[in-house]
1. Quick check on the range 289-310: of everything there that is of a type in the set (S, T, N, Q) and under 18 Å from Gly228 (Cβ atoms), which residue is least open to solvent (accessible area, probe 1.4 Å)?
2. Listed residues Val170, Val196, Val183, Val211; which is surrounded by fewer than 23 Cβ atoms within 10 Å (Cβ to Cβ), over 28 Å from Ile308 (Cα atoms) and in contact with a strand residue (DSSP E or B) (Cβ under 8 Å, 6 or more places away or on another chain)?
3. Among the residues of the range 314-340 satisfying the criterion of being over 14 Å from the mean Cα position of the chain (by Cα) and within 30 Å of Asn76 (Cα to Cα), which is surrounded by the most Cβ atoms within 10 Å (Cβ to Cβ)?
4. Would you check if Leu158 is part of a strand (DSSP E or B), open to solvent by 10 Å² or more (accessible area, probe 1.4 Å) and either under 29 Å from Val252 (Cβ atoms) or touching a residue at least 40 places away in the same chain (Cβ under 8 Å) (or both)?
5. Do you know which residues across the range 108-124 are open to solvent by 30 Å² or more (accessible area, probe 1.4 Å) and either assigned to a helix (DSSP H, G or I) or on the phi > 0 side of the Ramachandran plot (or both)?
6. Please list, ordered by residue number, the strands (runs of 3 or more DSSP E) wholly in the range 225-338 having 3 or more residues that are under 18 Å from Ser210 (Cβ atoms).
7. Please pick out the residue among Val222, Val250, Val170, Val199 that is closer than 25 Å to Val50 by Cα, of a type outside the set (D, E, K, R) and in contact with a helix residue (DSSP H, G or I) (Cβ under 6 Å, 6 or more places away or on another chain).
8. Condition first: among the hydrophobic types (A, V, I, L, M, F, W, C), surrounded by 21 or more Cβ atoms within 10 Å (Cβ to Cβ) and more than 18 Å from the chain's Cα centre (by Cα). Now tell me which residues in the range 214-238 satisfy that.
Amino acid sequence: MLTLDKIYHAAYVLKSVARKTDLIAAPGLNAESEIYLKTENLQVTGSFKVRGAYYKISQLTADEKAKGVIASSAGNHAQGVALAAQRSNIPSVICMPDGAPISKVEATKAYGAQVCLVKGAYDDAYDYACKLQKEKGYTFIHPFNDAEVVAGQGTVGLEILDQLPDVEVVLVPVGGGGLISGVAYAIKHLHPECKVYGVQAAGAPSMRDSVQKHEAITLDGVATFADGIAVKHPGDLTYELVSEYVDGIVTVTDDEIAAAVLALMERQKLVTEGAGAVSVAAAMYNKVDIKGKKTVCLLSGGNIDVNILSRVITRGLVMAGRNSTLTIELEDKPGQLSGVSDIISRCGGNVVSVHHNQSDTNMAITSCYLRVGMETRDHAQVEQIKQELAKAGFKLVANQQ
């Protein structure tokens, strides 16, 4: 049973291992709201998950510890369990989906855990972990559907209220629901006027759909680069807590998440993973009414796979109108490219790539397609360039991409 006393007890236990992460102002993310960032991406192991995992393991009996622990995770819970097990001198086995970022797999191994990679998504790794637990007798450490784990995550809510007592809105990433369950429980009991909203990736909306259908449902599949919240089925305990204490669940697209990751890097000098940035994406794209309100965006983790970071940045640049591509149909004669580049330059854009296509069967034999990649300030500048090209008689045949 989750109680406020249990969350306070978790905060006491976690003093020796978890950081009280900073709450920092971020005025550039939404001009109409007073935004603050709760930087759990700077937590030990790079994620809030160490809070719940450590508190849960601290409450195990001697017999349960002697059996060793097993867990399933996309990566962040894995590191939390591995660290907590290492501190308690007990063995740990972690089942992770085979698509988990290499950095998370290697970090988990570095804390002394035995890692089993399982084909599929998080839920497949969970099923395999349950199978091993029954066969070997390990003690299972669930990533979210456990009162002690939720209590550990709820300590983030206590810290937010301590750091910003008059907070009005808190935006929390949601996968299985452990983090938002603990945060919402703590905040609603101590500061009930504060609104708490969950944010999920549009490609993995299991908790949102469950709340809308008034039952915990299982998605057929998930599709998002925010692997930390790519969960098909929310916890039964967390579903009940979210239904009672959370004011709403919204979703953001992968492009919006990528733009948030980029904004955090550029403006706040903070690196977050996709799951960690969904709260900022919701604030940036006004998924929730935060106008004129003191709003905390919880950055749940910073363990992004460097192998996809460049792609995330590129998508973020496109989403923000900073990187754009135009395709123009030209009469194939000297001087056309010069005319196009002059207009782009005059409008303040910077040409970074040019592709000249004379072989497309959909155009006249005397024509060609010119595909121009540009660096631009924002979408307004892109529209200005399009208008100036049209005024000069150039025919645009594709929208910005």
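1. Narrowing the range 289-310 to residues of a type in the set (S, T, N, Q): 295, 300, 303, 307, 310.
This time we only want the ones that are under 18 Å from Gly228 (Cβ atoms), so: 300, 303, 307.
Numbers: Ser300: 9, Asn303: 32, Asn307: 97 Å².
Among those residues, the one meeting the criterion is Ser300.
2. Values: Val170 fails: surrounded by fewer than 23 Cβ atoms within 10 Å (Cβ to Cβ); Val196 fails: surrounded by fewer than 23 Cβ atoms within 10 Å (Cβ to Cβ); Val183 fails: surrounded by fewer than 23 Cβ atoms within 10 Å (Cβ to Cβ).
Every option except Val211 fails the conditions.
3. Initially, the range 314-340 is screened for residues over 14 Å from the mean Cα position of the chain (by Cα), giving 314-315, 317-340.
Then keep just the ones that are within 30 Å of Asn76 (Cα to Cα); that gives 314-315, 317-320.
Values: Thr314: 14, Arg315: 21, Leu317: 17, Val318: 18, Met319: 23, Ala320: 20.
So the residue we want is Met319.
4. On the way: part of a strand (DSSP E or B): no; open to solvent by 10 Å² or more (accessible area, probe 1.4 Å): yes; either under 29 Å from Val252 (Cβ atoms) or touching a residue at least 40 places away in the same chain (Cβ under 8 Å) (or both): yes.
Criteria not met by Leu158.
5. Lys109, Ala110, Gly112, Gly120, Asp124, listed by residue number.
6. On the way: elements: 248-252, 294-299, 323-331.
Filter on the range 225-338 gives 248-252.
7. On the way: Val222 fails: in contact with a helix residue (DSSP H, G or I) (Cβ under 6 Å, 6 or more places away or on another chain); Val250 fails: closer than 25 Å to Val50 by Cα; Val170 fails: in contact with a helix residue (DSSP H, G or I) (Cβ under 6 Å, 6 or more places away or on another chain).
None of the others qualify; the one that does is Val199.
8. Within the range 214-238, Ala216, Leu237 qualify.
The values are calculated or read from the model by the stated rules, or taken from the named source; none is laboratory data. Quick caveat, the model's predicted, so the values are computed rather than measured. Heads up, the Cβs are rebuilt from the backbone with ideal geometry, glycines too, and the neighbour counts pull from every protein chain shown. Protein only, heavy atoms only, side chains kept; ligands, DNA and RNA dropped before computing areas. Shrake-Rupley method; radii C 1.70, N 1.55, O 1.52, S 1.80 Å.
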